[in-house]
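The next block holds one structure in the form of structure tokens; read it before the comments.
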Amino acid sequence: RVESSAMAPTPNDLLNDFMATVTERGGDTVIAVIDTDVDTSHPDLLDAKLTVSDFVGQQGMPMKERHGTAVVGLISSRPRSEKGMRGIADEAQTHLLRACWEHNRGKGICSTRTLSKALNAAIDLRPDIVNLSLSGVRDPLLDRLVGILIRNGSLVIAAYDEDRSPERRFPAARPGVIYAVGSIQPMAANDSITVVI
């Protein structure tokens, strides 16, 4: 389910308005995913409409990072066999902007520096949707960059952070930000991403 940010239109209004402009399977839609790296050698991603930009470098475990691979897979995967998975928007153009990295126990970490670079790149892409499956403390620089994305017409989907109040989290609650809440099963503790300021 989704939850709107404080004083924002309801999530249904935001999503309905946006979905009215989206063709089936996300055709003509541009999605920016800011996350850990993606394993482009995964069989279901070999045919994906996907580009990858790295703002992290040698930190973490490039190409083996699970979180970014899972998020991009949910959006963009195109199965080559009956056992594969089809993404919910596999006709969309997806851009993975690597701003986070995983250490050897799977925990994801981001920094203001890497996130600001990725958000700047997202601004240049002018995406319809920006996916931020991460959370952290509020940061003035990152807030400004998210604000530019929203003013340019991007819809920002973010992880709901129950440990911080809406005005103290990144991305901060504001019109244009929708928080994704809950899952079918609880995530393991090491499947989260933390922003390091």
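No lab work stands behind these numbers, since they all come straight from the coordinates. As the structure is a computational prediction, the values presented were derived from the model and not from experiment.
Observations
- Rg/Rh, computed from the Cα trace of segment 94-149 with Rh as the Kirkwood radius, has the value 0.96.
- Lysines with Cα under 29 Å of Lys117, excluding same-chain neighbours fewer than 8 positions away: Lys49, Lys64, Lys107
- Three-way shape label, segment 54-146, alpha-carbon gyration tensor, a/c 1.5: oblate
- Shape annotation for segment 49-89: C-alpha extents along the principal axes are 35, 17, 14 Å, from largest to smallest.
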